[in-house]
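*Asks:* Questions regarding the structure given below will be posed in turn.
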Amino acid sequence: MAENIYPNSARENCFAHIYCEIAMESYYNATVSYEQIRKAGYSWDYYGEYDSMNKAVVSTIVFSAMAIEAFINDYAAACLGDSDFYENFDKLSLLGKFELIARFILKSGRLDKGNAHYYRLKSLVKSRNLYVHCKSKRSVIQGYSLDEIQKMKRLNSLEPESPPKLDSEEIENGIKEALDALKAIYDVAVYFDEYDSNIWAVSRLFNMLGLVAGDEHERRYKAVVFRVLGIKADELWNST
């Protein structure tokens, strides 16, 4: 196990923990909407909550990827030197940068591409790219718009026994994808803590201080996220 690799010098313009907090709060908001939709039996009347949930899911995924990349960039730049890293390695993919750190800084060997953690990070990058570099395409499914359904309901064109439903499978997959995005952050943080005892990656990224110093909302969403990720705040506190 490598120790004390990360320099103790001060760093600035690293927003990894801010991005992580945005991702955590977005996930919490997504779960709040999800629970209302689920309890309502995926009723179309909860389309507004469905829309809010989707926005929060996208935010969770995008900011999770941003948190990981900001953290990895900062770590590599601190260890290699700012000019050396940004001039020679900044154009690498996120996974490429992670591989560079693993092999040549942490010296932990090649990343195990068969590992579930690697797959989760790779999936997160793919999802982030789909949202950030969005490419629309012609729909092959003919359906009704929200306005059309509301009009049909007013005209009693829909049977009251079988009102339209939201797509429960899509909703469940969205929540899972958002949670997997946060798990990817945690996986990366645990990896760094395992190979560099000076970085305190989990504590830095998830900023457990917010459980004590934050407002009620911050304490609530962090408590929820820490619970689903299995993060024990007392252990984080002792590690810092």
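*Asks:* For segment 76-84, indicate whether the set of residues that are in contact (Cβ under 8 Å) with a residue 40 or more places away in the chain and within 20 Å of the chain's Cα centre (by Cα) is non-empty.
*Replies:* Checked against the condition, which is being in contact (Cβ under 8 Å) with a residue 40 or more places away in the chain and within 20 Å of the chain's Cα centre (by Cα), segment 76-84 yields no hits at all.
*Asks:* Identify all residues within segment 46-75 that are touching a residue at least 60 places away in the same chain (Cβ under 8 Å) and over 24 Å from residue 6 (Cα atoms); write none if there are none.
*Replies:* 46, 47, 50, 53, 54, 56, 57, 58, 60, 61, 62
*Asks:* I would also like to ask the following. Mind checking which residues of segment 85-97 are surrounded by 14 or more Cβ atoms within 10 Å (Cβ to Cβ) and without any contact (Cβ under 8 Å) to a residue 24 or more places away in the chain?
*Replies:* The answer is 85, 86, 89, 92.
*Asks:* If only one of 42, 27 is open to solvent by less than 40 Å² (accessible area, probe 1.4 Å) and either touching a Pro at 6+ places or on another chain (Cβ under 7 Å) or on the phi > 0 side of the Ramachandran plot (or both), which one is it?
*Replies:* Criteria check complete, one pass: 42.
*Asks:* Exactly one condition in (1) open to solvent by 80 Å² or more (accessible area, probe 1.4 Å); (2) modelled with pLDDT of 90 or more; (3) under 30 Å from residue 9 (Cβ atoms) is not met by residue 220; state its number.
*Replies:* (3)
This table checks each residue for (1) modelled with pLDDT of 95 or more; (2) within 24 Å of residue 129 (Cβ to Cβ); (3) touching a Gly at 6+ places or on another chain (Cβ under 8 Å).
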residue	(1), (2), (3)
32	yes, no, no
35	yes, no, no
38	yes, no, no
44	no, no, no
70	yes, yes, no
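*Asks:* Which condition from (1) at pLDDT below 95; (2) assigned to a loop (DSSP other than H, G, I, E, B); (3) not charged (D, E, K, R) is the one that residue 79 breaks?
*Replies:* All conditions are met except number (2).
The values are calculated or read from the model by the stated rules, or taken from the named source; none is laboratory data. Computed from a predicted model, the values in this text were never measured in an experiment. We place every Cβ from the backbone using ideal geometry, glycine too, and count neighbours over all the protein chains shown. SASA here: full protein model, heavy atoms, side chains in, ligands and nucleic acids out. Shrake-Rupley method; radii C 1.70, N 1.55, O 1.52, S 1.80 Å.
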